[in-house]
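Notes follow once the structure below has been shown.
Just so it is clear, none of the values below were taken in a lab; they were calculated from the coordinates. What you see is a predicted model, and the numbers here were worked out from it, not measured in a lab. Ideal geometry is used to build each Cβ from the backbone, glycine not excepted, and the neighbour counts take in all protein chains shown.
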Amino acid sequence: MSPAERPATGTQTPTDPISFMVEQTTRSMQAGWNLTKHMLGVDKAKTSQSPRDEVYRDGKATLWHYRCDNVTLGPPVLLTPSLVSRAFILDLQPGNSLVEHLIGRGFDVYMIDWGEPDEADAANTLETYTHDMLPRAVRTIDELHNGSGVTLFGYCFGGILTLLYAASHPHDPIVNLVQLATPVDFTHMPSAMMIAGSNGIDPEHVIDQTGNVPASAVRGSFTLLTPTADLATIAGFFEKVHDDRFLGNYQAMTSWTRDHVPFPGGVFRQTVDLFQERNAIATNALVLDGEPIDLNDITVPFLNILGEKDHIVPAASTEPLAALVGSADASELRLEAGHVGMIIGSGATKRHMPVISDWIADRSRKLA
């Protein structure tokens, strides 16, 4: 049996001293080889592997359509990731992908990837996304599917965008609305995520020469939440680096957690003013494009998903949502997981994703 084929975890310690020595030697050799590959950047784990086609580009954003040979449920699902993270977290790797799971359930799946903002996007505001980009994406998908409507799914800050879009455009073809880790009550957000504002740093001091919040500052705010996380990750890495599967998962996950994108300056200023200073979503005092936004105008079936162990968007920040919308079918799903663990990892694939897709399926229709 080659080192790559030998079981890396879950094996019992051999009682024969010679067998034990061979096992440990083989494990050390495999660890050394994997560490060498990792340091040299050889055979790095690939992410976002689900086959897809570009529908259109809208500035830096791209609307993707994932291929599915057996669509049995409608309407299509539009996944909306955060503005400050790479979109591939929703399609991390085969066997560890929300996109793959939804396709496997028979859904037609789309995703809007916001891309990487630069100087041209510095003036983007919330309205750029809630009143322009998202409406265009939803209406395009609806037209491509002959007026079927769209199940809209928002994650983290992407959830804020989908929420405000749905509330400000109640007549758009949104059939179901799913919110995952969407912060609305900012009085419960971690202080590390609220460093700018009247009680902290001047927002203008966070914005760089491009007019945006640099990716390094975005990553820094997440690091402040768990300052020893990198040390724990490194320790765990050296314990398991001999395991090929672990190494692939580690590379894929760290490529996401360490690779943030700039935050558009215009949206950042609004985030500090409207959400952090005024808590305008939770207090129903939000105005966009000159019009008041009332979450009670959301009347479609609504699912609010929160993580009991989420240290980025605590449960207390997102749990008011189901009571704020006007839907007669408003549900809450509480998961014993963190911000990422709700959609990534064995717990997500075995428990969380099936419950989420069941909820959507129950509010979808079977296609001939």
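What to note about this one:
- For segment 272-368, trypsin sites (Lys or Arg not before Pro) meeting the loop criterion (DSSP other than H, G, I, E, B) and having at most 13 other Cβ atoms within 10 Å: LYS309.
- Förster radius 51 Å - calculated FRET efficiency between ARG136 and ILE18 (Cβ-Cβ, nearest 0.05): 0.15
- Shape call, segment 122-181: gyration tensor on alpha carbons, a/c limit 1.5: oblate
- Theoretical gain in end-to-end length, ASP273 to ALA120 [0.36 nm per residue, Cα-Cα removed]: 52.9 nm
- For the pair segment 87-143 and segment 294-368, the centres of their Cα atoms are 17 angstrom apart.
- For segment 52-366: rounded, prolate or oblate by the Cα gyration tensor [a/c cutoff 1.5]: rounded
- Normalising the Debye intensity of segment 128-222 to I(0), with uniform scatterers on Cα atoms only, and taking log10 at q = 0.11, 0.20, 0.21, 0.23 Å⁻¹ returns -0.45, -1.01, -1.05, -1.14.
- Sequence-distant aspartates and glutamates (8 or more away, or on other chains) whose Cα lies within less than 18 Å of LYS60: ASP113, GLU116, ASP118, GLU119, ASP121, GLU127, ASP132, ASP259
- Each peptide in 73-84, 288-299, 94-105, 115-126 was scored by the mean count of other Cβ atoms within 10 Å over its residues; highest first, the order is 73-84, 94-105, 115-126, 288-299.
- Total formal charge among the other residues, if their Cβ is under 11 angstrom from that of LYS309, Lys/Arg +1 and Asp/Glu -1: -2
- Count Lys and Arg as plus one, Asp and Glu as minus one, and take only other residues whose Cβ is under 15 Å from that of ARG334; the net charge is then -3.
- Gyration tensor verdict on segment 306-359 (Cα atoms; rounded if a/c is under 1.5, prolate if a/b is larger than b/c, oblate otherwise): oblate
- Filtered GluC sites (Glu not before Pro), segment 287-368: DSSP coil and at most 16 other beta carbons within 10 Å: GLU308, GLU336
- Ranked packing of 337-345, 320-328, 153-161, most packed first, by mean Cβ within 10 Å: 153-161, 337-345, 320-328
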